[in-house]
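Before any comments, here is the structure.
Read-outs throughout are calculated quantities, based only on the coordinates presented, and are distinct from any laboratory measurement. Values in this document were obtained by computation on a predicted structure and should not be read as measured data. We place every Cβ from the backbone using ideal geometry, glycine too, and count neighbours over all the protein chains shown.
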Amino acid sequence: MKAALEQIRQTVAAELNAAHDLKALDALRVKFLGKKGELTAILKQMGKLSAEERPVIGQLANEVRADIEKRMENRAAALKEELLNLRLAAEKIDVTMPGTKSPIGKQHPLSMVLEEIKEIFLGMGFDVASGPEVELDYYNFEALNLPKDHPARDTQDTFYITENILLRTQTSPVQIRVMENQKPPVRIIAPGRVYRSDALDATHSPLFHQIEGLVVDKNVTMADLKGTLTMFARRLYGEDAQIRFRPHHFPFTEPSAEVDFMCFACGGKGCRLCKGEGWIEILGAGMVHPKVLSNCGIDPEEYSGFAFGMGLERIVMRRFGIDDIRMFYENDQRFLNQF
Ligand code: DAH
């Protein structure tokens, strides 16, 4: 019996090492210590022993039992720790890892500069107005003092949709729409897309952007136009900016002028950017033609106004030294990410 007990002690030690989870451990407990377990089976035979042997074997049996229990406890604790470590390793979060960056877009250079220009005019008390890109001939030409047979129509290569509907060739029709709906004082800018059937090359695009300006009130003069544009130039290019007016002709203004800004890169000395001119043509402008005012139901005897129009692309190209207008529309990330 003594040998049998020692045998059990050995077997348990070996089998415990092979038990790799708590379930297997529990099975061993039943196998050795349970009611029908191997140790229990031996203890049941104690009755057959002599009176001298009984206490000796009894003590040994208790020792073996205590030993087995102790071993099982230790093994259980070791297994639990092993499982916990496995779980911790699997669930580990490294808070020092860099996060996954999701790419975010950027503002288009045209939008950037347009925002800047809008801010400048908003700061001078202008509102922002808009009109349709698919426009009536009446608003794009007729009401702007360009009747059907007017030669200046030829200079604007118009996309006609029907005889009377077209893609606007300029933002000037917004002047008419605003004046039809709003009595003076009027002080607006109208940025937007315009269309001309030009072939696409480095300096021409069938779609581009203009920013229109219109001020109508009592006693508005050419001096107000000059003052407003000078202020605009200073805000856009700095306090040293200068502008100059050259006589020109537009059907919807009288008198009319083309307005140059002194080259912001060379300060008027002439450089690559201004092609040696020292000045850059930025705007068309003038005093609103009396006929245009009366076309909108505004009495030219009572009110006067000035208007101006500029191309956005040209301003942005000069600002960033971009020499091909097509860059704006191709959405090449290598180009767009530079701004
Ligand atoms: N609409 C003209 C163009 O596209 C630009 C222009 C010139 C607008 C004079 C104006 C202006 O408002 O007064 O060429």
Legend entry - Ranked D149, D260, criterion: other C-beta atoms within 10 Å, fewest first: D149, D260
Inset, instruction - Report, in degrees rounded to the nearest 10, the 0 to 90 angle that the Cα long axis of helix 22-33 makes with the longest principal axis of the chain. - result: 10 degrees
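Under the definition of Cα pairs under 8 Å and six or more residues apart, what whole-number percent is the relative contact order of the range 2-90?
Working: 52 pairs, mean separation 34.1, N = 89.
Averaging sequence separation for qualifying contacts and normalising by length gives 38 percent for the range 2-90.
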Legend entry - Neighbour net charge for T40 - beta-carbon separation under 11 angstrom, K R +1, D E -1: +4
Legend entry - Max mean-square fluctuation residue, GNM over the chain, Cα-Cα springs under 10 Å, options N219, N17, N181: N17
Inset, instruction - Using only Cα atoms, find the angle between the long axis of helix 2-18 and the longest principal axis of the chain, and express it within 0 to 90 degrees, rounded to the nearest 10. - result: 10 degrees
Legend entry - Most mobile listed residue (V128, V215, V95) in the chain, GNM with C-alpha springs under 10 Å: V95
Legend entry - the chain - convex hull of the alpha-carbon atoms, volume per residue in Å³: 274 Å³
Legend entry - Rough spin-label spacing in nm, given labels placed 7 Å along Cα→Cβ, for E116 and Y329: 2.4 nm
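With the Cα gyration tensor of the range 185-257 in hand, convert its eigenvalues to equivalent ellipsoid semi-axes via √(5λ) and list them largest first in whole Å. Each step should come with its number before you reach the end.
On the way: eigenvalues 131, 60, 38 Å².
Each semi-axis is √(5λ); the values are 26, 17, 14 Å.
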Legend entry - Calculated FRET efficiency for the pair T11/E91, C-beta based, R₀ 35 Å, to 0.05: 0.40
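Within a 10 angstrom radius of the beta carbon, how do L336, L214, L166 rank from fewest other beta carbons to most?
Details: L336 16, L214 25, L166 22.
With the fewest neighbours first, L336, L214, L166 line up as L336, L166, L214.
Could you work out the relative contact order of the chain? I mean the mean sequence separation of Cα pairs under 8 Å and 6+ apart, divided by the number of residues, in percent. Can you show the working numbers first?
Details: 493 pairs, mean separation 47.7, N = 339.
Computed over the chain, the figure is 14 percent.
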Legend entry - For the range 6-65, Kirkwood radius (reciprocal of mean inverse C-alpha pair distance, Å): 12.4 Å
Inset, instruction - Name the residue, out of K291, K92, K106, whose mean-square fluctuation peaks in a Gaussian network model built on the chain with Cα pairs under 10 Å. - result: K92
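Sort D224, D154 by Cβ crowding within 10 Å, fewest neighbours at the top. Could you put the intermediate results ahead of the total?
Working: D224 16, D154 8.
Least to most surrounded, the residues fall as D154, D224.
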Inset, instruction - Return the distance in nm (one decimal) between the two label points of a simple spin-label model at L22 and S197, each offset 7 Å from Cα along Cα→Cβ. - result: 8.4 nm
Inset, instruction - Determine the calculated [θ] at 222 nm for the chain from helices alone, applying -39500 (n - 2.57) to every DSSP H run no shorter than 4 residues and normalising by the residue count; nearest 500 deg cm²/dmol. - result: -13000 deg cm²/dmol
Legend entry - Dimensions in Å of the range 127-227 - Rg and Dmax from alpha carbons: 14.5, 44
Legend entry - Inter-label distance for A77 and R314, nm, one decimal - labels placed 7 Å from Cα along Cα-to-Cβ: 8.9 nm
